[in-house]
Amino acid sequence: MQDMTPINTAEASERRAIKISAKEVTVHYGAKQALFGVDLDIEENQVTSLIGPSGCGKSTFLRCLNRMNDTIDICSVGGQIRLGDINIYDPKVDVVELRARVGMVFQKPNPFPKSIFENIAYGPRIHGLCRDKSDMEEVVVSSLQKAGLFDEVKDRLDEPGTGLSGGQQQRLCIARAIAVSPEVILMDEPCSALDPIATAKVEELIDELRENYTIVIVTHSMQQAARVSQRTAFFHLGNIVEEGPTEQIFTMPKDQRTQDYITGRFG
Amino acid sequence: MSPLWLLAVIFIVALTGAILGRSRAIGAVDGEVSTLHSRPGYYGSYVFIWTAIPAALFMAALLIAQPFFNRSVVHDHLFGAYESGCQRSLSFGKSNAAILKAGDENAPQICRDWIEFRDLETRQDLVQGVVRNVADGLALLNKDELTKLRAGLVAIRPMMAQKGIALAEDVSAPIVSAAYRLNDARSRANFLLYGGLGILLLAGFLGSYLRIRPALRARNLVEANIRIALIIASSIAVLTTVGIVLSMLFEALNFFDHVPLVDFFFGTVWDPRFQSVGRQVSSEGGQFGLLPLLWGTMFISLVALLVAVPIGLFAAIYMAEYATRPIRAVAKPMLEILAGIPTIVYGFFALVTVGPFLRDAGASIGLSISANSVLTAGFVMGIMLIPFISSLSDDIISAVPQSLRDGSLGLGATKSETIKQVILPAALPGIVASILLAASRAIGETMIVVMAAGIAANLTANPFEAVTTVTVKIVSQLTGDLEFNSPQTLVAFALGITLFFITLGLNVFALHIVRKYREQYD
């Protein structure tokens with residue numbers, strides 16, 4: 001694994017607090033290795049986008065950050081990932097608690113077969129975040145508002161979440177993640193199943209959420225990475241080839257492979 | 001020639017036609033197959049269909065119609081022959097013959113035959129059978145023997161016996177003449193059959209063969225016939241169901257001639273009182289109250305479901321969500337073996353193991369549980385139902401999209417919270433359907449109940465007592481030497497159709513639930 005090109009000191013001093021710090025992360029699916037020692041620091045209250053060709057390991061890395069890979073039997077993770085001051089792969093860490101702190105939004109909108117209200121209330125309910133009914137209503141309303149969905153659904157909170165349009169469903173899923181007040185939100189290609197208008201709305205939302213949350217987003221769209229993220233990491237064949245401020249990655253990439261990828265020569 | 005041989009001939013002719021048609025199609029374009037509208041095989045199939053299908057349909061129609069036609073020929077002839085024979089023997093007017101009553105011992109034999117034939121349908125059936133037998137026998141005789149018979153030189157009965165046709169009694173002249181008529185009708189029908197088949201085969205073959213041109217859309221024409229064939233196949237299943245229901249319905253209606261609807265559906269006493277030898281056949285026999293049987297059925301099914309639903313559902317959840325692949329690979333087939341055990345085996349498991357065990361266990365804690373009880377039958381039936389619920393539910397739970405699990409786990413829910421709050425609600429319609437299907441099996445189950453719950457039709461809410469079910473009573477009403485027109489046996493059909501409608505209702509309800517909620521979740 002080559003060492004990361006050190007970011008110059010002037011930029012480094014501008015960097016914010018580090019929220020998540022990954023060191024030498026390796027992932028095996030059975031005998032097949034998917035990540036080969038990935039180092040990445042994720043800054044607080046910033047949007048970090050992970051780009052790269054299909055199968056490069058960016059989604060795998062994202063799923064390491066809240067241990068969603070635990071649900072896959074044959075997957076084993078090595079290295080260290082620190083969230084604040086805990087190593088999330090420490091056996092003492094409670095996965096349930098971790099996932100409450102690091103929420104996730106998936107590629108395909110996956111609302112539960114419940115009402116819109118119950119979809120949002122699900123997380124707070126299982127974590128016991130609300131004392132009573134009015135408390136819960138408050139959380140649901142504010143989550144929907146933060147996700148920019150409230151005005152569209154306020155009259156039909158009792159209707160099933162699956163009845164919404166694709167874009168609304170995805171924002172519902174974001175609202176659902178927000179409702180448990182996580183510190184980090186992971187998004188795995190959140191717009192790939194959406195049309196351009198819905199995509200624009202979700203991107204706008206991501207930009208607003210940055211204020212309160214740290215966001216890591218996997219995307220196949222270079223334009224999307226450029227639009228929504230402040231920092232970008234380029235994955236290739238299970239390694240990070242280059243990482244840095246989005247503007248720099250897209251205007252002056254240091255590595256030839258990055259250059260080739262963002263100009264569409266491969267991937 | 002038997003119909004099977006005729007079918008074989010039709011098939012061979014059509015196959016030859018198909019081969020000819022295919023080569024004609026290829027020949028028409030000098031081997032440039034790609035310029036044909038359809039692949040060459042379709043031209044062959046086209047000829048095959050047009051040669052075989054009309055001929056086969058004609059044959060089927062003729063074979064179905066022939067017995068009815070023959071019957072009426074024989075009937076008309078016999079009627080006339082008996083009547084004129086009777087008049088001749090009485091040698092007084094036709095009007096006198098017409099007023100003879102059945103059972104008039106003084107009338108000559110031929111007149112008694114005629115009156116019986118005129119008035120009794122059963123007698124007509126019998127005579128028709130005899131005529132068919134004689135006709136079959138006559139067809140076996142050679143010319144020589146026939147002349148001897150005609151001349152009255154030999155008796156018909158020994159001659160028939162010689163040919164392997166046993167007649168119960170000596171046959172009268174009208175029957176013999178009717179048999180000749182029948183043979184005439186048969187040979188006419190055969191002539192029609194062979195002639196018609198020949199014409200149809202030839203016409204079908206030539207009509208289709210000569211139409212073959214490169215531009216002929218053989219593929220589309222064949223395609224249309226495939227559709228018809230599929231429709232026929234599915235309508236056979238439907239028509240069979242209709243037939244079963246109708247046959248049960250008519251017998252049940254017969255039953256309701258003897259017993260009023262209200263007494264059957266709302267009666268609380270089941271006491272059919274079998275007629276024994278010597279007792280007068282009468283309408284006073286028995287009470288046919290459905291309620292004790294229905295209650296027994298429902299009670300046992302309820303106990304069975306109380307056993308099967310939790311166990312089956314938990315097993316399904318374990319299989320779908322927790323079991324590792326190797327465990328699942330072993331455990332799932334083993335669970336499904338349960339479904340392969342014949343219910344009679346469950347029955348004696350209940351009889352020799354569960355029943356005595358429950359009785360003894362009950363006795364040791366001061367409960368009096370009879371060896372044949374609702375509990376025994378329900379428990380064993382519940383075991384039987386486990387694989388139905390677990391296997392179906394397993395499939396349904398596994399079909400819940402992984403994205404829903406991820407979504408819930410990603411919010412920090414534990415596995416069991418995810419299952420309880422997301423997966424089971426999503427799978428609920430399917431699970432309910434599997435439970436209802438299991439219920440309809442429980443209701444239709446017979447052998448376990450016969451052996452484990454007994455045959456006493458009690459109306460009791462005590463699960464430690466013996467009850468019986470609708471199916472058991474159907475069996476016991478139809479076992480043994482019975483008269484088929486007494487309410488004691490006909491009640492079986494009324495029970496059967498009641499059961500049919502109950503399970504039908506359950507199945508329709510299950511399908512309705514599945515359909516209503518399915519789209520919502522995927």
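The table below lists the values:
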quantity: Some residue of segment B:406-418 being open to solvent by 10 Å² or more (accessible area, probe 1.4 Å), free of Cβ contacts under 8 Å to residues at least 40 places away in the same chain, assigned to a helix (DSSP H, G or I) and more than 7 Å from chain A (Cβ to nearest Cβ); calculated: yes
quantity: In segment A:60-87, the residues that are more than 23 Å from B:S403 (Cβ to Cβ) and within 14 Å of chain B (Cβ to nearest Cβ); calculated: A:L83
quantity: Conditions (1) surrounded by fewer than 21 Cβ atoms within 10 Å (Cβ to Cβ); (2) closer than 26 Å to B:M248 by Cα; number of the one not met by B:L490; calculated: (1)
quantity: Flag if B:L385 is assigned to a helix (DSSP H, G or I) and either farther than 26 Å from B:A461 by Cβ or assigned by TED's automatic domain parsing to the domain that holds B:V432 (or both); calculated: yes
quantity: Residues located in segment A:168-198, provided they are in contact with a helix residue (DSSP H, G or I) (Cβ under 8 Å, 6 or more places away or on another chain), in a helix (DSSP H, G or I) and either modelled with pLDDT under 90 or open to solvent by 20 Å² or more (accessible area, probe 1.4 Å) (or both); calculated: A:Q168, A:Q169, A:I197, A:A198
quantity: Some residue of segment A:238-246 being part of a loop (DSSP other than H, G, I, E, B) and open to solvent by 30 Å² or more (accessible area, probe 1.4 Å); calculated: no
quantity: Which numbered condition A:K32 fails, given (1) within 19 Å of the chain's Cα centre (by Cα); (2) of a type outside the set (A, V, I, L, M); (3) away from chain B (no Cβ under 14 Å); (4) more than 30 Å from A:Q145 (Cα to Cα); calculated: (1)
quantity: From B:S398, B:S403, B:S391, residue being at the interface with chain A (Cβ under 9 Å from one of its Cβ atoms), over 13 Å from B:A304 (Cα atoms) and of a type in the set (G, A, S); calculated: B:S403
quantity: Selection status of B:D394, charged (D, E, K, R) and either part of a loop (DSSP other than H, G, I, E, B) or open to solvent by 40 Å² or more (accessible area, probe 1.4 Å) (or both); calculated: no
quantity: Residue within segment A:174-181 that is within 26 Å of A:I217 (Cα to Cα), at the interface with chain B (Cβ under 8 Å from one of its Cβ atoms) and among the polar types (S, T, N, Q) present; calculated: no
quantity: From the options B:V309, B:V345, B:V352, B:V380, residue that is assigned to a helix (DSSP H, G or I), over 30 Å from A:L186 (Cα atoms), open to solvent by 60 Å² or more (accessible area, probe 1.4 Å) and not hydroxyl-bearing (S, T, Y); calculated: B:V352
quantity: Some residue of segment A:112-123 being modelled with pLDDT under 90, over 19 Å from A:C191 (Cβ atoms), surrounded by fewer than 18 Cβ atoms within 10 Å (Cβ to Cβ) and at the interface with another protein chain (Cβ under 10 Å from one of its Cβ atoms); calculated: no
quantity: Search result, residues across segment B:506-521 that are touching a Ser or Thr at 6+ places or on another chain (Cβ under 9 Å) and either assigned to a loop (DSSP other than H, G, I, E, B) or modelled with pLDDT of 85 or more (or both); calculated: B:L506, B:N507
quantity: Boolean, B:G312 is assigned by TED's automatic domain parsing to the domain that holds B:P429, touching a residue at least 24 places away in the same chain (Cβ under 8 Å) and closer than 14 Å to B:A442 by Cβ; calculated: yes
quantity: One residue from B:L167, B:L200, B:L149, B:L210 being farther than 28 Å from B:Y82 by Cα and free of Cβ contacts under 8 Å to residues at least 40 places away in the same chain; calculated: B:L210
quantity: Residue in segment B:444-460 that is touching a strand residue (DSSP E or B) at 6+ places or on another chain (Cβ under 8 Å) and open to solvent by 20 Å² or more (accessible area, probe 1.4 Å) present; calculated: yes
quantity: Answer from B:A363, B:A339, B:A371 - the residue that is touching a Lys or Arg at 6+ places or on another chain (Cβ under 7 Å), more than 14 Å from chain A (Cβ to nearest Cβ), small (G, A, S) and more than 30 Å from A:I174 (Cα to Cα); calculated: B:A371
quantity: Count of segment B:33-49 residues which are open to solvent by 60 Å² or more (accessible area, probe 1.4 Å) and either on the phi > 0 side of the Ramachandran plot or modelled with pLDDT of 90 or more (or both); calculated: 1
quantity: So A:V105, is it over 18 Å from the mean Cα position of the chain (by Cα), within 14 Å of chain B (Cβ to nearest Cβ) and open to solvent by less than 50 Å² (accessible area, probe 1.4 Å); calculated: no
quantity: Residues being assigned to a helix (DSSP H, G or I) and closer than 15 Å to B:F388 by Cα - total across segment B:327-342; calculated: 10
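Per-residue answers, yes or no, for (1) surrounded by fewer than 16 Cβ atoms within 10 Å (Cβ to Cβ); (2) under 42 Å from the mean Cα position of the chain (by Cα); (3) on the phi < 0 side of the Ramachandran plot:
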{"residue": "B:V13", "(1), (2), (3)": "no, yes, yes"}
{"residue": "B:T16", "(1), (2), (3)": "yes, yes, yes"}
{"residue": "B:G31", "(1), (2), (3)": "yes, no, no"}
{"residue": "B:T51", "(1), (2), (3)": "no, yes, yes"}
{"residue": "B:A65", "(1), (2), (3)": "yes, yes, yes"}
{"residue": "B:F69", "(1), (2), (3)": "yes, yes, yes"}
{"residue": "B:R88", "(1), (2), (3)": "yes, no, yes"}
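The values are calculated or read from the model by the stated rules, or taken from the named source; none is laboratory data. Just so you know, these numbers come straight off a predicted model, no measurement behind them. A quick note on method: Cβ atoms are made from the backbone with ideal geometry, for glycine too, and the neighbour counts reach across all protein chains shown. These area figures cover heavy atoms from the full protein model, side chains too; ligands, DNA and RNA do not enter into them. Shrake-Rupley method; radii C 1.70, N 1.55, O 1.52, S 1.80 Å.
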